[in-house]
Amino acid sequence: MKLINATPHQLKIEDSGGQIITLDPSNIVARLAANRTACGTVGDITLYATTYGDLTPLPPPDGESFYIVSLLYLTALRATGDTRQDVASPGELIRDLSGNVIGCRGLSI
């Protein structure tokens, strides 16, 4: 199975043996359209309401590729009723001692 990073960021994924797999972004970026509308303020800070729109399409399943997308994209994809089995998002985050994200443990479906 070929893992395809469909995010704009490099991913570091810990596999079941504790090894780190590094995936650079591919030429496929799974995006979810977002529209922000100002809806008020708290002191001098503007509040925005965000609504989400269309998903950029992923290539059709080919039995060889597995796409890693953001959790937001995966959640929106599932909300459309899409149950394709070749899409997941990064799993549990791994942080360094300063709290910075340095990778993830597995993938989430």
- prompt: Residues with amide H under 5 Å of residue 104's amide H, sequence separation 5 or more or different chain, H placed in the peptide plane at 1.01 Å from N; which?
  reply: 12, 13, 14, 94
query: In whole percent, how big is the carbon plus sulfur part of the accessible area of the chain, probe 1.4 Å, protein atoms only?
result: 54
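For the chain, what is the accessible area per residue in Å², given a 1.4 Å probe and the full set of protein chains?
Details: 7240 Å² over 109 residues.
On a per-residue basis, the chain sits at 66 Å².
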message: For the chain, compute the orientation-averaged projected area of the C-alpha convex hull (one quarter of its surface), in nm².
response: 9.2
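Please give the net charge around residue 84, taking every other residue with its beta carbon less than 13 angstrom from that of residue 84, where Lys and Arg add +1 and Asp and Glu add -1.
Values: positive: 78; negative: 62, 82, 86.
With Lys, Arg at +1 and Asp, Glu at -1, the neighbours total -2.
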field: Distance between modelled label sites at residue 12 and residue 39, nm, 7 Å Cα→Cβ extension
entry: 3.7
query: Each label point is 7 Å from the Cα along the Cα-to-Cβ direction; what then is the distance between the points at residue 49 and residue 71, in nm?
result: 2.5
message: If the elastic network links every pair of Cα atoms under 10 Å, which of 16, 98, 65 fluctuates the most in the Gaussian network model of the chain?
response: 98
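The values are calculated or read from the model by the stated rules, or taken from the named source; none is laboratory data. These numbers come from a predicted model, not from an experiment. Here the Cβ is made from the backbone with ideal geometry for all residues, glycine too, and neighbour counts use every protein chain on show. In case anyone asks, the SASA skips ligands and DNA or RNA and just uses the protein heavy atoms, side chains included. Shrake-Rupley method; radii C 1.70, N 1.55, O 1.52, S 1.80 Å.
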